[in-house]
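Accompanying notes for the structure given below.
The values are calculated or read from the model by the stated rules, or taken from the named source; none is laboratory data. From a predicted model like this one, the values you see are computed outputs, not experimental measurements. For neighbour counting, all protein chains shown are included, and Cβ atoms are generated from backbone atoms with ideal geometry for every residue, glycine included. Accessible surface areas use protein heavy atoms only, side chains included; no ligands, DNA or RNA. Shrake-Rupley method; radii C 1.70, N 1.55, O 1.52, S 1.80 Å.
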Amino acid sequence: MANLQIANARKSYDNKQVLHGIDLHIEDGTFLVIVGPSGCGKSTLLRMIAGLEDITDGTISIDDEVVNDLEPSARGCAMVFQNYALYPHMSVEQNIGYPLKIAGVSKPERARKVAEAAALLELGDYLDRRPAQLSGGQRQRVAMGRAIVREPRLFLFDEPLSNLDAKLRVQMRIEIKRLHRRLSATSVFVTHDQVEAMTLADKLVVMNAGKVEQVGTPGEIYRAPASAFVAGFLGAPAMNFLPGKVLQQGNLHILPNTEIAVHSQELHQWTGREITIGIRPESLLLGKPSAEGIPAHVDLIEELGGSRVAYCRTDGPEIAVVMHGDLTVREGDRVSIGLLPEHLHFFEKTNGQRLGGGQASQQAQASRAMHVAFN
Amino acid sequence: MTTETLSLPMSTSGLQSRKKRRQANLAIAGHALMIVMSLFAVFPVYWMLVSSLRAENHIFDTALWPDAASLDNYAYALSAIPIWRMLWNTLVVSAAVTFIQLLTGIAAAYGFARWRFRFDKFVYALIGLTWLVPIQVVMIPNYLLVARMGLLDSLPALILPHFASAFAIMLLTQSMRAFPKEVLEAARMDGAGSWRTLWEVIVPNLRGIIASLAILIFISTWNEYFWPLLLSRSAENTVIQIGIQMFITQEGTSWGPLMAASSLASLPILLIYVVLQRQVIQSFMKSGIR
Ligand SMILES: Nc1ncnc2c1ncn2[C@@H]1O[C@H](COP(=O)(O)OP(=O)(O)O)[C@@H](O)[C@H]1O
Ligand SMILES: [Mg+2]
């Protein structure tokens, strides 16, 4: 168990900087997830924590001890790799026990700890098998067993589920969560999958292009994304972005030709300026064509089982709307897309920084009521 | 409708069987060719064995089997030169060279595969170039060196120039470079140092290629002729290839005993081929040598 402190960490490869000053604090027992698009530097950061990459600048401390110059094994971190990285020539038992063997743990003690980890991960029946004789999920569990037996201060995961098929991925995700509940070990989990990130994280870090965009609980980040990037990255289907202009009294003109009364205090200082308006597909309402809302026609409907997503053509950008219940809308129908002011997010047009809006979770009830009215 | 669906599969099956027959004919032709070619390859070995069984005055007979097969040539060869001693010497030299070349090869390859250091590519290229240097270029310097060390006519001198082989180093470097990086990193995270990682993680996983390499080194050392010829003085301190050559004298060649000694010399190699057949074939394929 440990806390982890990252201060102004930078990384350059051949004068090309890929991490531009990362600051993070991770409390004892937290499950921290780092999420971001491919190539944004997640693995690099994780490998710097592990000690597999040099730290170009800044410090990384575990339990208030700077570990910049410590060998990986001396940092007390265990890592689970994307492609498992098991020792092909060793049995499951030997794989899990190898770190203990190196640490000089006696044979009986080793056997006991391996058995314990194997039981926890339901690997008891496979101890004599080689990695090649295991399924992907089992291999991943062996990799976790190898991490667990060391009783590390810190667990590091680098996209450990991306090589599994969809069903197994969900299953292993739940297992990892359960394991964390049980061991409450400080963990850093890297993924590019936003669903994985949202479901696993106690604390979520969204990264983009070598920088931290936002840190918070999944709920906080979802409700109040700090930038248009974060807003667009988290949530599926992705948030809709519409160009807009702030009018007097904080009212909004949504381009090209919808006006909406917002009365937002936050927007007053932006009067007369163009902004980006973000709205999640699940916060929009489809209704019969009317003077209110954005006129549109339904181009395509995607069936998701529990819900359906309508992709609508407007005079502006395409807008995705999640349809709840048994709304009887068909492809080709003319509709009006209803907006609730309290669900709008506002971002600066040039740099995507958040200006306000969107915190109105208590109004969700009200929107449901409206929804019925639209039907 | 029904007739159509019925007739369709029949016509395709007719087509398929014709296709199959053609493939079978091709396969038969291919096998026949390979049998003929392997006869060409095996015949000299057979001829060596048969000649070793012929009496002296029948040595140039062309019959496929001698009228009176005898082991006289073997008896003579064994009495004329210390064959057992020479076989033992060859075995010692070949085993030692194999072991040492594997050791130096593994160590050097690990260095090249795992670390970047100053002039590493240059040094690697130099090692590659030594492969292209013919023995005629180095034999005089090597001879002088060995002579100054006082090792002429001794087994260590036969081993000494073979402490490292460019071929072994390069082959092992390639396979170590191809070794999965994550597994090495996992070992590092688990606390394994470089030495331990080499012997406990890399080498066990490369045992296929190492075994192949060992076979290649062993066979080529066993068959080496030139360097021992240069170095050896006495029959007790030389290898079997030189022993065989002792039946070729200025007065003439004793073909019978020569064939007998050759048969004995190739016995261990034949044994390797038979016992480790699959490994040998793989090793030749892997190294790109045929
Ligand atoms: N060894 C390396 N040498 C040079 N550039 C690298 C190296 N490793 C990663 N990078 C670069 O650093 C950036 C971040 O990579 P990475 O941390 O692997 O991203 P992620 O894990 O988020 O997909 C990428 O642009 C990548 O090209
Ligand atoms: Mg990565």
**Study point:** Qualifying residues in region B:185-206 (those that are in contact (Cβ under 8 Å) with a residue 40 or more places away in the chain and farther than 30 Å from B:L155 by Cβ) - the one least open to solvent (accessible area, probe 1.4 Å)
**Key:** B:I202
Exercise for review: Among the candidates A:P99, A:P108, single out the residue that is more than 16 Å from ligand 2 (Cβ to nearest atom) and within 30 Å of B:G208 (Cα to Cα).
Suggested key: A:P99
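Could you tell me whether region B:16-31 includes any residue that is closer than 30 Å to B:L267 by Cβ, at pLDDT 80 or above and either assigned to a helix (DSSP H, G or I) or outside the structural domain of B:S266 (by TED's automatic domain parsing) (or both)?
yes
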Point to revise | Which numbered condition A:N68 misses (of (1) within 16 Å of ligand 2 (Cβ to nearest atom); (2) open to solvent by 20 Å² or more (accessible area, probe 1.4 Å)) | key: (1)
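With the requirement that a residue be open to solvent by less than 40 Å² (accessible area, probe 1.4 Å) and modelled with pLDDT under 85, what does region B:232-241 give you? Before the answer, list the steps.
Restricting attention to region B:232-241, the residues satisfying the condition of being open to solvent by less than 40 Å² (accessible area, probe 1.4 Å) are B:232, B:234-235, B:238-241.
Within region B:232-241, B:S232, B:S234, B:A235 qualify.
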Exercise for review: Go over the candidates A:A147, A:A115, A:A111 one by one and state the one that is assigned to a helix (DSSP H, G or I), among the hydrophobic types (A, V, I, L, M, F, W, C) and closer than 17 Å to A:A78 by Cα.
Suggested key: A:A147
**Study point:** Selection count where residues are without any contact (Cβ under 8 Å) to a residue 12 or more places away in the chain and either farther than 18 Å from B:L171 by Cβ or under 25 Å from the mean Cα position of the chain (by Cα) (or both), scope region B:108-125
**Key:** 7
Study note, to complete from the structure: Matching residues in region A:79-93 (at the interface with chain B (Cβ under 10 Å from one of its Cβ atoms) and either without any contact (Cβ under 8 Å) to a residue 40 or more places away in the chain or open to solvent by 20 Å² or more (accessible area, probe 1.4 Å) (or both)) number 5
Review point. If we scan region B:207-227, do we find a residue that is hydroxyl-bearing (S, T, Y) and surrounded by fewer than 20 Cβ atoms within 10 Å (Cβ to Cβ)?
Key: yes
Review point. Could we say that A:F157 is within 14 Å of another protein chain (Cβ to nearest Cβ) and either aliphatic (A, V, I, L, M) or within 16 Å of ligand 1 (Cβ to nearest atom) (or both) here?
Key: yes
Practice item. Filter region A:144-171 down to residues that are in contact (Cβ under 8 Å) with a residue 40 or more places away in the chain and within 16 Å of ligand 2 (Cβ to nearest atom) and give me whichever is nearest to A:Y84 (Cα to Cα). Key: A:P160
Review point. Residues A:T191, A:T217: which one is modelled with pLDDT of 90 or more, among the hydroxyl-bearing types (S, T, Y), within 16 Å of ligand 1 (Cβ to nearest atom) and under 22 Å from A:H25 (Cβ atoms)?
Key: A:T191
Point to revise | Checklist (1) closer than 30 Å to B:V239 by Cβ; (2) within 12 Å of another protein chain (Cβ to nearest Cβ) applied to B:F179, failing item | key: (1)
Point to revise | Scan of region A:22-40 for residues that are near ligand 2 (Cβ under 10 Å from one of its atoms) and either open to solvent by 10 Å² or more (accessible area, probe 1.4 Å) or within 20 Å of B:A192 (Cα to Cα) (or both), ordered by number | key: A:S38, A:G39
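Whether any residue in region B:49-67 is assigned to a helix (DSSP H, G or I), in contact with a helix residue (DSSP H, G or I) (Cβ under 7 Å, 6 or more places away or on another chain), open to solvent by 70 Å² or more (accessible area, probe 1.4 Å) and aliphatic (A, V, I, L, M) is what I want to check.
Yes - at least one qualifying residue is present in region B:49-67.
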Revision key, fill the gap. Restricting region A:1-21 to residues that are open to solvent by 40 Å² or more (accessible area, probe 1.4 Å) and within 16 Å of ligand 1 (Cβ to nearest atom), the one farthest from the other protein chains (Cβ to nearest Cβ) turns out to be A:H20
Review point. For A:L45, all conditions in the list (1) away from chain B (no Cβ under 12 Å); (2) open to solvent by 40 Å² or more (accessible area, probe 1.4 Å) hold save one; what is the number of the exception?
Key: (2)
Exercise for review: Within region A:94-121, work out how many residues are among the basic types (K, R), out of contact with any Lys or Arg (no Cβ under 7 Å at 6 or more places or on another chain) and buried (at least 17 other Cβ atoms within 10 Å of the Cβ).
Suggested key: 1
Study note, to complete from the structure: For region B:189-231 the number of residues that are modelled with pLDDT of 90 or more, out of contact with any strand residue (DSSP E or B) (no Cβ under 8 Å at 6 or more places or on another chain) and closer than 30 Å to A:P99 by Cα is 18
Check your understanding: Looking at A:G124, A:G76, A:G58, A:G136, which is the one that is surrounded by fewer than 18 Cβ atoms within 10 Å (Cβ to Cβ) and free of Cβ contacts under 8 Å to residues at least 24 places away in the same chain?
Key -> A:G124
Check your understanding: Given (1) touching a strand residue (DSSP E or B) at 6+ places or on another chain (Cβ under 8 Å); (2) within 14 Å of another protein chain (Cβ to nearest Cβ), where does A:C40 come up short, assuming only one miss?
Key -> (2)
Practice item. Search region B:53-81 for residues that are at pLDDT 80 or above and pair each with any residue that is loosely packed, with under 10 Cβ neighbours inside 10 Å and among the aliphatic types (A, V, I, L, M) when their beta-carbon atoms are under 7 Å apart and the residues are at least 6 apart or on different chains. Key: B:A55/B:A68
